[in-house]
Amino acid sequence: MDIYRQGIRPLLFSGLKVDPEWLHSQFMATLTWLETTGDRPPAAWLVQQLHQACCTTHPALRQQLWGLDFDNPIGLAAGFDKDGTGAALWSHFGFGFAELGTVTLHPQPGNSLPRLFRLPQDRAALNRMGFNNRGAAALATRLKQLITTPYKLKNSSLSPASLPLGINLGKSKVTPLELAADDYLGSFRLLKELGDYFVVNVSSPNTPGLRSLQDASQLDQILAVLQHENTEHKPLLVKIAPDLAWEAIADIVKLAQTHHLAGIIATNTTIRRDGLNTHLLPGIGTYLTDEPGGISGAPLRQRATEVIRFIYQKTAGTLPIIGVGGVFTADDAWEKITAGASLVQVYTGWMYEGPQLVPRILSGLAQKLTEHGMSHIRDAVGSSAQ
Ligand SMILES: Cc1cc2nc3c(=O)[nH]c(=O)nc-3n(C[C@H](O)[C@H](O)[C@H](O)COP(=O)(O)O)c2cc1C
């Protein structure tokens with residue numbers, strides 16, 4: 001029985017109508033408690049239970065990319081853990097990797113509340129968080145602390161939580177757009193030794209003007225500055241919006257190749273509002289079409305997959321893609337992988353489906369491989385895009 005889907009979710013989402021941001025902050029506080037008291041019975045026992053319920057081993061699903069080993073291709077998308085609060089624990093939820101951030105050079109509170117809404121009729125969310133985070137220096141301190149005292153469960157054979165950690169960088173709201181490159185550079189300097197890969201986020205709809213940095217000339221400058229600083233050749237990726245025209249995506253692909261980027265993350269949330277069953281913003285009652293913010297979840301699934309397929313075809317599969325947008329099932333993840341994604345991330349699906357989502361997707365993917373007579377997940381990447 002899936003306790004989350006059958007008991008907890010109906011209670012929180014429909015019964016008590018718990019505010020999604022409050023719920024998220026309670027969850028993050030629980031992660032802090034688990035980490036700090038993990039050497040004592042209730043917390044240690046809980047993490048063990050979590051590990052047993054969520055972590056499965058599928059050798060056929062292991063991925064290797066950029067010299068990094070991923071136990072499986074399913075990762076936590078950016079935005080859930082902006083400050084690295086759960087960095088020590090994500091592996092116990094069964095994830096193959098986690099992307100921290102978006103972090104900005106300057107700490108910032110984000111937009112005013114309420115700024116996160118569930119749209120259950122669409123299996124979606126609307127958010128306009130605005131990069132609320134404690135800043136790059138605080139994330140650096142947090143990650144250094146994890147390196148010096150790795151989290152390990154007492155009396156357990158489980159190894160210290162180790163999984164590839166990405167760091168997603170955004171522009172601080174106070175920094176003018178023309179100084180964006182310096183802002184990204186400042187964060188990268190503080191964090192470059194502490195992440196396994198880095199993402200230039202120019203696609204959030206919730207920082208004024210940010211998406212204009214996807215224009216080739218502006219992005220060119222940011223990527224040049226970052227790659228100049230990147231003497232250790234850390235994998236650097238760019239995360240794009242689903243709302244770009246094909247020509248703009250083609251331009252970004254060209255830039256990615258020119259600057260020797262490690263890959264592209266497709267996609268961020270969408271500013272489109274068409275095709276939704278929800279018309280009024282829950283709890284507020286205003287028209288969704290009048291409300292700022294990005295839509296994530298099921299309504300984004302198809303467009304994100306099309307963008308992945310386009311990039312895969314444009315590059316003949318030579319540029320790795322992390323696919324994200326509307327993944328709730330193994331079928332959804334398979335669709336992204338066969339369209340060209342080497343790795344897949346989840347956010348809204350995890351919010352709706354709970355911690356059982358990852359093991360469910362992984363066993364479904366392993367089954368898909370068997371059904372298609374494939375021996376390894378890398379054989380599936382791009383197999384429907386050729
Ligand atoms: C509440 C919320 C906050 C997010 N914050 C960020 C963020 O800070 N940086 C980022 O790159 N993407 C952010 N995203 C976008 C997700 O990483 C992901 O690209 C998008 O939600 C599509 O995936 P999904 O349909 O699985 O949610 C956020 C999404 C949500 C729902």
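Quick look at the values:
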item: Residue in region 298-315 that is in a loop (DSSP other than H, G, I, E, B) and small (G, A, S) present; result: no
item: Criterion (among the aliphatic types (A, V, I, L, M), at pLDDT 95 or above and either in contact with a Ser or Thr (Cβ under 9 Å, 6 or more places away or on another chain) or open to solvent by less than 30 Å² (accessible area, probe 1.4 Å) (or both)) met by exactly one of A88, A60; result: A60
item: Odd one out for L34 among (1) surrounded by 16 or more Cβ atoms within 10 Å (Cβ to Cβ); (2) within 21 Å of the chain's Cα centre (by Cα); (3) without any contact (Cβ under 8 Å) to a residue 60 or more places away in the chain; (4) away from the ligand (no atom under 16 Å from the Cβ); result: (2)
item: Qualifying residues in region 86-104 (those that are in a loop (DSSP other than H, G, I, E, B) and touching a Lys or Arg at 6+ places or on another chain (Cβ under 8 Å)) - the one farthest from the ligand (Cβ to nearest atom); result: A87
item: E229 free of Cβ contacts under 8 Å to residues at least 40 places away in the same chain, more than 22 Å from N111 (Cβ to Cβ) and among the acidic types (D, E); result: no
item: Residue pairs meeting the criteria (Cβ under 6 Å; at least 6 apart or on separate chains; first within 9 Å of the ligand (Cβ to nearest atom), in region 257-275; second open to solvent by 40 Å² or more (accessible area, probe 1.4 Å) and charged (D, E, K, R)); result: T270/D243
item: Of all residues making up region 60-85, the number that are within 14 Å of the ligand (Cβ to nearest atom) and among the aromatic types (F, W, Y); result: 1
item: Subset of region 335-359 [touching a residue at least 60 places away in the same chain (Cβ under 8 Å), within 12 Å of the ligand (Cβ to nearest atom) and in contact with a Ser or Thr (Cβ under 7 Å, 6 or more places away or on another chain)]; result: Y347, T348
item: Inter-residue pairs, beta-carbon under 7 Å, first among the aliphatic types (A, V, I, L, M) and in region 315-334, second assigned to a loop (DSSP other than H, G, I, E, B), 6+ apart; result: I321/G340; I321/A341; I321/S342; I322/A341; V324/A77; V324/T267; A333/V327
item: Meets criteria (within 27 Å of T289 (Cβ to Cβ), surrounded by fewer than 18 Cβ atoms within 10 Å (Cβ to Cβ) and among the polar types (S, T, N, Q)) for Q49; result: no
item: Candidates L46, L23 - the one that is within 16 Å of the ligand (Cβ to nearest atom), free of Cβ contacts under 8 Å to residues at least 40 places away in the same chain and not in a loop (DSSP other than H, G, I, E, B); result: L23
item: T207 modelled with pLDDT under 95 and within 10 Å of the ligand (Cβ to nearest atom); result: yes
item: Extreme residue, farthest from the ligand (Cβ to nearest atom), among residues of region 276-302 that are in contact with a Lys or Arg (Cβ under 8 Å, 6 or more places away or on another chain) and hydrophobic (A, V, I, L, M, F, W, C); result: L288
item: Qualifying residue in region 326-333 (condition: open to solvent by less than 10 Å² (accessible area, probe 1.4 Å), within 14 Å of the ligand (Cβ to nearest atom) and not in a loop (DSSP other than H, G, I, E, B)); result: yes
item: Count of region 105-134 residues which are assigned to a loop (DSSP other than H, G, I, E, B) and open to solvent by 40 Å² or more (accessible area, probe 1.4 Å); result: 10
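Let's see how each residue does on (1) at pLDDT 90 or above; (2) in contact with a Gly (Cβ under 8 Å, 6 or more places away or on another chain); (3) of a type outside the set (A, V, I, L, M, F, W, C):
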site	(1), (2), (3)
P10	no, no, yes
P20	yes, no, yes
L23	yes, no, no
L34	yes, no, no
A44	no, yes, no
L50	yes, no, no
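The values are calculated or read from the model by the stated rules, or taken from the named source; none is laboratory data. Note that this is a predicted model, so its numbers are computed, not measured. Cβ sites come from the backbone with ideal geometry, for glycine too, and all protein chains shown count toward neighbours. Side chains included, ligands, DNA and RNA excluded: accessible areas come from the protein's heavy atoms. Shrake-Rupley method; radii C 1.70, N 1.55, O 1.52, S 1.80 Å.
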